[in-house]
Amino acid sequence: MKIAVTGATGTIGRPLVQALLERGDEVTVLSRDPDAARRSLGAVEAIGWLDPTNEPAPSRAVAGRDAVIHLMGAPVAQRWSAGAKRDIRDSRVLGTRSLVQGLRAAEPRPQTLISQSATGWYGSRGDERLDESEPAASDFLARVCADWEAEARGAEELDVRVVTCRTGVVLAAGGGALEQMLPPFKLGVGGPIAGGGQYLPWIDLDDEVGALLFCLDHEGASGPVNLTAPEPVTNKEFSRALGRVLHRPAVVPVPGAALRLLFGEMASIVTVSQRAVPRRLEQLGYRFRQPSLEQSLRAATGRRP
């Protein structure tokens, strides 16, 4: 297959591109710095897209491709100043709008768009099991996700199959949320956050990549699909598992008020509860490569039993 990828040099993008190349696909990446992307990713075609929020994706980068996998977005894990919130939103909402504009001009047009989204769609919902039928919440991240997905669905008017992948916390070595969690745990001062009862929808990096490829290949996949492990865990369970893996105590509670003082509104990322489950993936027959939280944490941290 011929696949175009945005966000190709990110935590998810790099292993995804590698997996595509290993199975024999031809990969085109859209990047602000195509030379750097080419050096980083190897045997890919790299085409410049210098201002994704303000200009359409170059049609030549997507024309003649079978599908586009759209992973682009500014980091969420930063203090949410007004400017940071604008970047978080615009990079996703306006960036996706610009991509669909590029698809509109492409000839021949890709048949499939796999567009990243997030479990932030659901807001904080306690211990409810959340499948893809649940409506969007009204907080900042939920509104971003709702508008993000709406822009992606615009490609359906072009007879493009659209999948919006609501990804949870990806457990990966050397990047993502886990990289920020590790320092206090390694020092022995990690522990449950804001009581620890809130649910964390996690997914192993291998399953994140595997599920994206599954949605790419499976014609029955369309609309929202939760990319989360079969069993979400509470923050307390996650903390205990990480402590066991690192051979460190994980009992020091972190008050939610302290996090809000330190990180402001961004603290909501780790204090909300989202018990999101991958109902659609399981219906379609996806087989998880790493459903065990502890084994996933060991793989991501390089720690053996």
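Angle, helix 205-217 long axis vs. longest principal axis of the chain, Cα atoms, 0 to 90°, nearest 10?
Orientation of helix 205-217: about 30 degrees from the principal axis.
Go ahead and run the numbers for FRET between residue 173 and residue 1, Cβ-Cβ distance against an R0 of 25 Å, rounding to 0.05.
Values: r = 27 Å, r/R0 = 1.10.
The computed FRET efficiency comes out at 0.35.
Among DSSP beta bridges whose residues both lie in the chain, state the antiparallel percentage, nearest 5.
Working: 2 of 37 bridges.
Taking every DSSP beta bridge within the chain, about 5 percent pair in antiparallel fashion.
Mind checking the dipole of segment 170-258: about its Cα centre, +1 per Lys or Arg Cβ, -1 per Asp or Glu Cβ, Debye to the nearest 20?
Working: 5 positive and 9 negative charges, 147 e Å.
For segment 170-258, the charge dipole is close to 700 debye.
Dipole magnitude of the chain about its Cα centre, charges +1 at Lys/Arg Cβ and -1 at Asp/Glu Cβ only, in debye to the nearest 20? Mind showing how you got there, number by number?
Working: 36 positive and 36 negative charges, 203 e Å.
Here the chain has a charge dipole of around 980 debye.
Suppose we flag trypsin sites (Lys or Arg not before Pro) only when DSSP calls them loop and at most 15 other Cβ atoms lie within 10 Å. Which is the longest uninterrupted stretch of the chain? Please list the in-between numbers first.
Working: sites that count: 23, 32, 79, 287, 289, 303.
That gives 80-286 as the longest site-free run.
Quick one: among 61, 146, 19, which has the greatest mean-square fluctuation in a GNM of the chain with alpha-carbon springs under 10 angstrom?
19
Which value in deg cm²/dmol, rounded to the nearest 500, describes the helix-derived mean residue ellipticity at 222 nm for the chain, given -39,500 (n - 2.57) per DSSP H run of n ≥ 4 and division by the residue count? Please list the in-between numbers first.
On the way: 12 runs with 123 residues, N = 305.
It comes out at -12000 deg cm²/dmol, rounded to the nearest 500.
What does the charge dipole of segment 28-77 about its Cα centre add up to, to the nearest 20 debye, if the Cβ of each Lys and Arg holds +1 and the Cβ of each Asp and Glu holds -1? It would help to have the intermediate numbers written out before the result.
Values: 5 positive and 6 negative charges, 21 e Å.
Result for segment 28-77 is approximately 100 debye, rounded to the nearest 20.
What relative contact order, as a whole-number percentage, does the chain give when Cα pairs under 8 Å and 6 or more residues apart are counted?
Working: 641 pairs, mean separation 53.7, N = 305.
It comes to 18 percent, rounded to a whole number.
Values in this text are rule-based calculations from the coordinates and carry no lab data. Given the structure is predicted, the values throughout are model-derived calculations rather than measurements. Every residue, glycine as well, gets a Cβ built from its backbone with ideal geometry; the counts of neighbours run over all protein chains shown.
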